[in-house]
1. Assuming A138 fulfils every condition listed in (1) of a type in the set (A, V, I, L, M); (2) surrounded by 22 or more Cβ atoms within 10 Å (Cβ to Cβ); (3) under 24 Å from Q87 (Cα atoms) apart from one, which condition is it?
2. Restricting segment 47-56 to residues that are in contact (Cβ under 8 Å) with a residue 60 or more places away in the chain and surrounded by fewer than 23 Cβ atoms within 10 Å (Cβ to Cβ), which is farthest from the chain's Cα centre (by Cα)?
3. From the list N77, N97, exactly one residue is over 18 Å from V162 (Cα atoms) and either surrounded by fewer than 23 Cβ atoms within 10 Å (Cβ to Cβ) or modelled with pLDDT of 95 or more (or both). Which is it?
4. State which residue is nearest to K94 (Cα to Cα) when the search covers only segment 139-169 and only residues that are out of contact with any strand residue (DSSP E or B) (no Cβ under 9 Å at 6 or more places or on another chain) and among the hydrophobic types (A, V, I, L, M, F, W, C).
5. Quick check on my filter: what residues within segment 70-103 are over 21 Å from S159 (Cβ atoms) and part of a strand (DSSP E or B)?
Amino acid sequence: MDKIILASASPRRQQLLTQMGLGFTVSPSNVIEVMDRNLESHQVAVSLARQKCVNIATQTKHDSLVIGADTIVVKDNKLLGKPKDEQEAFEMLKNLNGEWHEVVTGVCLCRTSDMKTLCEFETTRVKIAKKSEEFLLAYIATKEPFDKAGAYGIQGYGSLLVEKIEGDYFNVMGLPIYRLSCMFEQLGHGINLKNLSI
């Protein structure tokens, strides 16, 4: 059986793969990400996911399935990354406050035996509730925003900010589970629920 490698240190992606019943190892990519801002938002997410995936796949000696993913937040065609400090987190949250935005995750799956690679993306619309500046500052004080694109996490305290979503909830966490399961199938490794393996 091919080994599964997650090319990401994200605890949320690890949690979601575990939720799928998959055994996997974690090998975070250290590739220097190159972001081409001339691309559409989904193309940026896919490009970054591919860079991570291929970086680890080319270093792997055993037959493996390598998963690379990258999640970006988009508001008014502007990409919002991870905030550098409290001020930037506050500016991002004020920009999202009471508004809709998109969360786009690019996912790449590479079979190292022949380097066949599938890359897809998922988009979810998210409405942030209108909150007071005091609430936003209190949220920032939890330190939760600092490792998350758009300065919030839907699965943590940030759930108190999210009024509604349209699309895949798990995509907002950082890994669209259903889409990934379809990609496994396309590579001939459908998930078998009888023994939770592929």
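The values are calculated or read from the model by the stated rules, or taken from the named source; none is laboratory data. Since this is a predicted model, take the numbers as computed values, not measurements. Note that we place each Cβ from the backbone using ideal geometry, even for glycine, and neighbour counts take in every protein chain shown.
1. Unmet condition: (2).
2. Restricting to residues being in contact (Cβ under 8 Å) with a residue 60 or more places away in the chain and surrounded by fewer than 23 Cβ atoms within 10 Å (Cβ to Cβ), the top hit is V54.
3. One residue alone meets the criteria, N77.
4. I140
5. Within segment 70-103, D70, K78, L79 qualify.
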